[in-house]
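Novice: My questions all concern the structure below.
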Amino acid sequence: MGGQPAGPAEHTEHTYAPWEKRVDALLVLLSDKDRRHMTVDELRRNIESLGSASYETLSYYERWMHSISQTLIQRGVITVDELGRRIEDVKRRATRGEL
Amino acid sequence: MSAKVPPLFESGAHVKVRFAHAAGHVRTPAYVRGHRGVVERLCGSYANPEELAYARSGLPAKPLYRVRFRQEELWPDYRGDSSDTVDVEIFEHWLEPDGGTG
């Protein structure tokens, strides 16, 4: 993170998984001028609040997922319970091969 | 953006970045804090990201400057050319006038 000692930057092209593109699109929709459910500044703040250990282990869009969830909970757009139930629901569908 | 603060610095102004460690979201990189640079240009006025990060308006908009630093000023062990510089965009409330030698 900003200005801390680190190894050399890797300049490689990424191919994005469909879920990563969905996470990107989700932020665009949540922060557009019609919705304004969150700002990119809140995204950054909640990524920073991961702490260095999680920051290093999560992938780029995993950090976004964490941050978007936290921001929407803090803003009262969704509740912890709603998110938890939804995650369980998606897991069940994935187990049954429905996704 | 209607509400704005009039800018304090002009291009060429010598400035020093405040040496501060705020407990929250800030947009000023740690490696420039406490260092001297020169205002390269005023970029405009923008809602304060340190407030936007907490779901507040960030208004009045604050002047944002592109500040040029000598690499040797920032990195004591810098081995590149002594004329190398880096530009960093910094909001006005992180800057103070630098009357000293820099």
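The values are calculated or read from the model by the stated rules, or taken from the named source; none is laboratory data. In this text the structure is predicted, and so the values were computed from the model without any measurement. A quick note on method: Cβ atoms are made from the backbone with ideal geometry, for glycine too, and the neighbour counts reach across all protein chains shown.
Novice: Just a yes or no: is a residue in region A:5-23 surrounded by fewer than 10 Cβ atoms within 10 Å (Cβ to Cβ), farther than 30 Å from residue B:32 by Cβ and within 12 Å of chain B (Cβ to nearest Cβ)?
Specialist: The answer is no; no qualifying residue exists.
Novice: Kindly check whether there is at least one residue in region A:30-45 that is away from chain B (no Cβ under 14 Å), among the hydrophobic types (A, V, I, L, M, F, W, C) and part of a helix (DSSP H, G or I).
Specialist: No: zero hits.
Novice: Next question. Determine if region B:33-45 includes at least one residue that is hydrophobic (A, V, I, L, M, F, W, C), within 14 Å of chain A (Cβ to nearest Cβ) and surrounded by 18 or more Cβ atoms within 10 Å (Cβ to Cβ).
Specialist: Checked against the condition, which is being hydrophobic (A, V, I, L, M, F, W, C), within 14 Å of chain A (Cβ to nearest Cβ) and surrounded by 18 or more Cβ atoms within 10 Å (Cβ to Cβ), region B:33-45 yields no hits at all.
Novice: Using the structure shown, decide if residue A:72 is more than 23 Å from residue B:28 (Cα to Cα), part of a helix (DSSP H, G or I) and within 13 Å of chain B (Cβ to nearest Cβ).
Specialist: Values: more than 23 Å from residue B:28 (Cα to Cα): yes; part of a helix (DSSP H, G or I): yes; within 13 Å of chain B (Cβ to nearest Cβ): yes.
Yes, satisfied.
Novice: When you look at residue B:82, is it over 14 Å from the mean Cα position of the chain (by Cα) and surrounded by fewer than 19 Cβ atoms within 10 Å (Cβ to Cβ), yes or no?
Specialist: yes
Conditions (1) assigned to a loop (DSSP other than H, G, I, E, B); (2) β-branched (Val, Ile, Thr), marked per residue:
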position	(1), (2)
B:45	no, no
B:51	no, no
B:64	no, no
B:69	no, no
B:81	yes, no
B:86	no, yes
B:90	no, yes
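Novice: Of everything in region A:48-64, what is modelled with pLDDT of 95 or more and either within 14 Å of chain B (Cβ to nearest Cβ) or surrounded by 17 or more Cβ atoms within 10 Å (Cβ to Cβ) (or both)? Give them in sequence order.
Specialist: A:61, A:63, A:64
Novice: Checking the structure you have, find out if any residue of region A:76-83 is surrounded by 11 or more Cβ atoms within 10 Å (Cβ to Cβ), within 13 Å of chain B (Cβ to nearest Cβ) and under 19 Å from residue B:57 (Cα atoms).
Specialist: Among the residues of region A:76-83, at least one is surrounded by 11 or more Cβ atoms within 10 Å (Cβ to Cβ), within 13 Å of chain B (Cβ to nearest Cβ) and under 19 Å from residue B:57 (Cα atoms), which makes the answer yes.
Novice: Would you please list the contacts, defined by Cβ atoms under 9 Å and residues six or more apart or on different chains, that run from a residue in region A:63-90 that is under 16 Å from residue B:53 (Cβ atoms) to a residue that is in a helix (DSSP H, G or I) and of a type in the set (Val, Ile, Thr)?
Specialist: As it stands, the answer is A:63/A:47; A:64/A:23; A:64/A:47; A:66/A:47; A:67/A:47; A:68/A:23; A:73/A:80, since those pairs meet every condition given.
Novice: Taking the condition without any contact (Cβ under 8 Å) to a residue 40 or more places away in the chain, closer than 30 Å to residue A:72 by Cβ and in a loop (DSSP other than H, G, I, E, B), does residue B:58 pass?
Specialist: The answer is yes for residue B:58.
Novice: State yes or no: is residue B:53 farther than 22 Å from residue A:42 by Cα, over 10 Å from the mean Cα position of the chain (by Cα) and not polar (S, T, N, Q)?
Specialist: Numbers: farther than 22 Å from residue A:42 by Cα: no; over 10 Å from the mean Cα position of the chain (by Cα): yes; not polar (S, T, N, Q): yes.
Taking the combined requirement at face value, the residue does not satisfy it.
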